[in-house]
Amino acid sequence: MSAKDRLNVFPSRMALTNMKLRLKGAQKGHSLLKKKADALTLRFRAILKKIIETKMAMGEVMRQAGIALAEGKFTMGDISSMVFHNIDKARVKVKSKKDNVAGVSLPIFEHFLDGTDNFDMLGLARGGQSVSKIKDQYLKAIDLLVDLASLQTSFVTLDEVIKITNRRVNAIEHVIIPQIENTIAMITTELDEREREEFYRLKKIQDKKKKIRAAEEEVKEQRKKDLQLEDMRTANLLEDARDEELVFD
């Protein structure tokens, strides 16, 4: 295990406790980020499905709008110049709001009508039904376009956030957590080695003390023996110094 695979910490009980707390936090963060990535991916797939459906509906609506415009031109002639001349501001406007998905803000676009219709009276003489049909079809097209713009924006935003979240999940899973686990293993090994060294040191000290006590006991025994011999010698000298008994006839 190289030094790059673990954190540079001094092996101690406090460091081991801190590493275990960091490991627990990293695992919790990994779990939360994984759940966030799953929720974003689920919403991402739903948006992708809706984009496909909207684009297919958009093709049909634009086809109907083109047919309605062709019918209106056939009935009333070219009305483009009249439309450009009478319009001074947009009547269909777009507003935005935010939608929160797992902590990610997604823009939601909605269209609304502002002001009066300058062409309410257009085509009363002829082709009024065709003009109304054209307006209705293109309003539907605008509605789908705004929805599609909202979906596409959310799609791009979610795609970027999912990539970032997955990178964080992979970094925690394959880099941070293994580093912390390797650090914990290194600290545990060092502490065990210290405990073994301390046990061996204490054992050697005990053996040394036993030898010292044994030597002291041996010295005491030797002294005791020497004292006994000295006493015996003194007693023998006293016995030798006694006079012989005199017998008188």
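The values are calculated or read from the model by the stated rules, or taken from the named source; none is laboratory data. Remember, predicted model here, so these are calculated numbers, not experimental data. Just the protein is used for accessible areas: all its heavy atoms, side chains included, with ligands, DNA and RNA removed. Shrake-Rupley method; radii C 1.70, N 1.55, O 1.52, S 1.80 Å.
Can you spot the lysines whose alpha carbon is less than 19 Å from Lys24's alpha carbon? Ignore those fewer than 8 places along the same chain.
Correct list for Lys24: Lys34, Lys35, Lys36.
Return the long-range amide H neighbours of Val92 (sequence gap of 5 or more, or a different chain), with a cut-off of under 5 Å between placed amide H atoms.
Correct list: Asp114.
To make sure I understand the rule: partners must be lysines, Cα under 19 Å from the Cα of Lys208, and not fewer than 8 residues away in the same chain. Which ones qualify?
Leaving aside lysines fewer than 8 places away in the same chain, those within reach of Lys208 are Lys220.
How much accessible surface area, in Å² rounded to 10, belongs to the heavy atoms of Asp143 with a 1.4 Å probe?
Number for this one is 60 Å².
Which pairs, out of Lys55/Lys140; Lys55/Lys97; Lys73/Lys135, put more than 19 Å between their alpha-carbon atoms?
Working: Lys55/Lys140 13 Å; Lys55/Lys97 22 Å; Lys73/Lys135 13 Å.
Exceeds cut-off: Lys55/Lys97.
List the residues, sorted by chain then number, that are 5 or more residues from Val101 or on another chain and whose placed amide H is less than 5 Å from its amide H.
Answer set, sorted by chain and number: Leu106.
Could you report the accessible area of Val146 in Å², rounded to 10, computed with a 1.4 Å probe on the protein chains as they sit in the structure?
20 Å²
Beyond 16 Å, what share of the Cα-Cα pairs of the range 155-205 remains, rounded to the nearest whole percent?
On the way: 808 of 1275 pairs.
Here the long-distance tail beyond 16 Å is 63 percent of all Cα pairs in the range 155-205.
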